[in-house]
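Right, one structure below, let's go through it.
Throughout, read-outs are computed from the coordinates displayed, never taken from laboratory work. Keep in mind that this is a model prediction, so the values were computed, not measured. Every residue, glycine among them, receives a Cβ derived from its backbone with ideal geometry; neighbour counts consider all protein chains shown.
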């Protein structure tokens with residue numbers, strides 16, 4: 001089938017790992033589903049210093065792993081006015097789609113990622129060109145209060161028009177049913193996929209070796225939602241002064257300086273190391289070299305880094321924050337209440353003592369059976385085929 005992917009977030013270049021899970025899913029649709037896949041991403045690099053209405057200017061066309069990617073470089077005069085900015089984004093997307101369709105043909109199904117504004121653009125294209133569309137929602141803004149009433153009103157129209165609505169977490173699916181005032185089960189759970197390099201990397205089990213040290217790791221964007229400050233304080237409660245027990249923190253973000261000061265203030269300068277921004281290979285290496293992984297977020301719709309750690313065979317501690325409940329099974333680690341410093345500290349101490357009870361191969365195989373690319377793509381392909389079947393049957397009934 002010919003699938004057009006419309007993301008609201010997307011990597012800006014081949015080396016960028018921002019929202020790379022969307023790019024990896026598009027590429028996996030080609031590799032494991034045999035589909036023809038394209039991506040359009042409007043306003044990927046707006047020029048806020050320019051003036052004038054949005055116009056179709058530069059278009060970058062890139063072919064990555066069999067996926068034809070069209071990015072536009074448009075002006076956005078209304079960047080600071082959210083509603084008008086969204087209309088500019090959608091209008092630019094319509095122009096970009098026209099270019100894509102002329103050069104690549106008309107897709108059979110559109111798959112949008114994140115309602116604002118990929119889902120809204122998908123609805124606009126679907127109405128004009130009579131193409132069914134699917135929405136996958138990743139946005140934690142629904143629970144964090146970032147979604148505005150005017151956005152929600154537009155989102156409800158898109159949900160009513162979509163052939164399928166997908167959420168990347170089971171609890172998140174239930175939340176979206178409530179947000180959009182729908183019967184339970186309208187939003188279907190299909191997780192993000194974990195790229196195959198995580199499953200192909202050698203399993204390294206440090207705590208069964210002769211080393212006496214123990215290393216916890218976490219990888220995330222260093223913003224307030226990730227709860228890294230909570231993690232640092234919890235680590236201090238359980239392990240301060242035990243220099244053979246350490247914590248590595250991968251990633252960058254607005255909280256970096258604050259977290260650095262916190263590490264010094266709680267006396268962990270010799271036990272906590274900041275790794276900075278990491279590329280994919282460096283993430284694999286950093287997690288592989290650790291003994292356990294910790295996710296301390298206040299809210300996650302899924303938890304890609306957590307599932308990647310499982311793919312590398314690492315036992316985990318994670319907060320019950322919306323996504324990990326669908327990811328962490330009893331044979332892979334511990335779940336604790338979010339925003340609870342003592343509970344997190346206790347769980348990390350338990351995992352430290354019982355790390356050898358967790359089998360790396362079992363953890364990996366369980367993760368592979370749920371989150372590997374072939375498994376996820378098989379589920380998505382079934383949805384696309386079902387949509388195509390019912391659409392063709394409906395067309396035949398109307399014409400007959």
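Per-residue counts of other Cβ atoms within 10 Å, averaged by peptide: what ranking do you get for 311-319, 238-246, highest first? Don't skip to the end; give the middle numbers.
Details: 311-319: 27.1, 238-246: 15.1.
Top of the packing list down: 311-319, 238-246.
Please report, in cubic angstrom per residue, the volume enclosed by the convex hull of the alpha-carbon atoms of segment 196-370.
Working: hull volume 17.4 nm³, N = 175.
Taking only Cα atoms, segment 196-370 has a hull volume of 99 Å³ per residue.
Can you give the FRET efficiency for residue 281 and residue 357, using 1/(1 + (r/R0)^6), R0 = 41 Å, r = Cβ-Cβ distance, to the nearest 0.05? The partial results should precede the final answer.
Details: r = 30 Å, r/R0 = 0.73.
That pair, residue 281 with residue 357, gives E of 0.85.
Output the antiparallel fraction of DSSP beta bridges having both residues in the chain, as a percent to the nearest 5.
Details: 7 of 52 bridges.
Looking only at bridges with both residues in the chain, the antiparallel portion is about 15 percent.
Just need the relative contact order of segment 225-306 here, percent rounded to a whole number, with Cα pairs under 8 Å and 6+ apart. List each step's numbers first, then the result.
Details: 69 pairs, mean separation 34.5, N = 82.
For segment 225-306, the relative contact order is 42 percent.
Could you order the peptides 35-41, 332-338 from most to least packed, using the average number of other C-beta atoms within 10 Å per residue?
Top to bottom by mean Cβ count within 10 Å: 35-41, 332-338.
Tell me, what is the percent relative contact order of the chain, built from C-alpha pairs under 8 Å that lie six or more residues apart?
Values: 781 pairs, mean separation 55.8, N = 400.
About 14 percent, as a whole number.
What do you get for the angle between helix 20-31 and the principal long axis of the chain? Use alpha-carbon atoms, 0 to 90 degrees, nearest ten.
Between the helix axis and the principal axis of the chain, the angle is about 60 degrees.
When 9, 89 are ordered from fewest to most other Cβ atoms inside 10 Å of their Cβ, what list results?
On the way: 9 17, 89 24.
So the ranking, lowest neighbour count to highest, is 9, 89.
In square nanometres, what is the average projected area of the Cα convex hull of segment 309-379? Mind dumping the intermediate values first?
Details: hull surface 19.6 nm².
Averaged projected area of segment 309-379's Cα convex hull equals 4.9 nm².
Could the peptides 195-202, 218-225 be put in order, highest first, of the mean number of other beta-carbon atoms found within 10 Å of their residues? Please list the in-between numbers first.
On the way: 195-202: 16.6, 218-225: 20.0.
Ranked by mean Cβ neighbours within 10 Å, highest first: 218-225, 195-202.
Need the C-alpha centroid separation for segment 74-102 versus segment 211-246, integer Å.
Measuring centre to centre over Cα atoms gives 43 Å.
Along each of the three principal axes of the Cα atoms of the chain, give the extent in whole Å, ordering the values from largest to smallest.
Ordered largest first, the chain gives principal extents of 72, 48, 40 Å.
Given labels modelled 7 Å from the Cα in the Cβ direction, how far is it in nm from residue 160 to residue 389?
Between residue 160 and residue 389, the label points sit 2.8 nm apart.
Where the eigenvalues come from the Cα gyration tensor of segment 166-235, what are the semi-axes √(5λ) of the equivalent ellipsoid, largest first, in whole Å?
On the way: eigenvalues 249, 77, 21 Å².
One finds semi-axes of 35, 20, 10 Å for segment 166-235.
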